[in-house]
Amino acid sequence: MKTSLRGTIIPVVPSGDFSGLEIGFELGFDTSGHGSLTLEVLLSAGVKITRMDHTAEALLGIAAKSPDGAQVRRLLALALILEGHRRETAAALAGMDRQTLRDWVHRYNAEGVSGLCSIRTGGHPAALSDIQMAELKALVIKGPDPAKDRVVRWRCVDLREEVARRFTVAVTDQTIGKWLRKLDLTRLQPRPFHPKKDEAGQSAFKNV
């Protein structure tokens, strides 16, 4: 909405609820020297959390277990929104501005909790504990469940997502490859086989 106000230097904003609105003013002069003040009200609709995997209480529980301080703040902000707090309040309590919170809401809607992790771009790769590394090794050796995991063999990208889901640690595919070499595991996997394969029948067929 734009309203041109002449003959005054103090804009009058209409009464009402303006939460979620951005209000801007623009002062200009025409060729005759008369000034004009333009009041511009822009609707800035808040982005809604459309992903309903977790309640506010569940997000706070995940935050309590996360070693990533930045992810904890993002989880806190989302939990506050789900509890009904205003976005300005949620952003302030989580130590960020509204635009940053808006970006993280988009990321959460698209990727879930793992999308709130901090992606490390330099320095030493985020480390798993010895227990977690042992669990990762057992997971790789066991192989995926085709029905549950929807893959017949582990790729680095699959293991990266599994690590983020299980341990709330976000790393790159390259780091997963380094971990596999550290665990003396090759990235080459045996040829997948059908779970109902009849080995006895195949052996009898070879002897015919």
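The values are calculated or read from the model by the stated rules, or taken from the named source; none is laboratory data. Because the structure is predicted, anything quoted here is derived from the model rather than measured. Cβ sites come from the backbone with ideal geometry, for glycine too, and all protein chains shown count toward neighbours.
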note = How many residues of region 57-96 are modelled with pLDDT under 90 and among the charged types (D, E, K, R)? The answer is 2
inquiry  = Residues that are aromatic (Phe, Trp, Tyr), at least 2 per element: which helices (runs of 4 or more DSSP H) completely within region 53-172 meet that?
reply    = 98-111
remark   = Over region 157-185, the set of residues under 21 Å from the mean Cα position of the chain (by Cα) and crowded, with 17+ Cβ neighbours inside 10 Å is 159, 160, 162, 163, 164, 167, 168, 169, 170, 171, 175, 176
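Listed here are the residues, each with its yes/no results for (1) β-branched (Val, Ile, Thr); (2) touching a Gly at 6+ places or on another chain (Cβ under 6 Å); (3) modelled with pLDDT of 85 or more.
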position: 139; (1), (2), (3): no, no, yes
position: 143; (1), (2), (3): no, no, yes
position: 152; (1), (2), (3): yes, no, yes
position: 155; (1), (2), (3): no, no, yes
position: 159; (1), (2), (3): no, no, yes
position: 162; (1), (2), (3): no, no, yes
position: 169; (1), (2), (3): yes, no, no
position: 175; (1), (2), (3): yes, no, yes
inquiry  = Just checking, does region 199-206 include any residue being closer than 28 Å to residue 63 by Cα, modelled with pLDDT under 90 and outside any loop (DSSP other than H, G, I, E, B)?
reply    = no
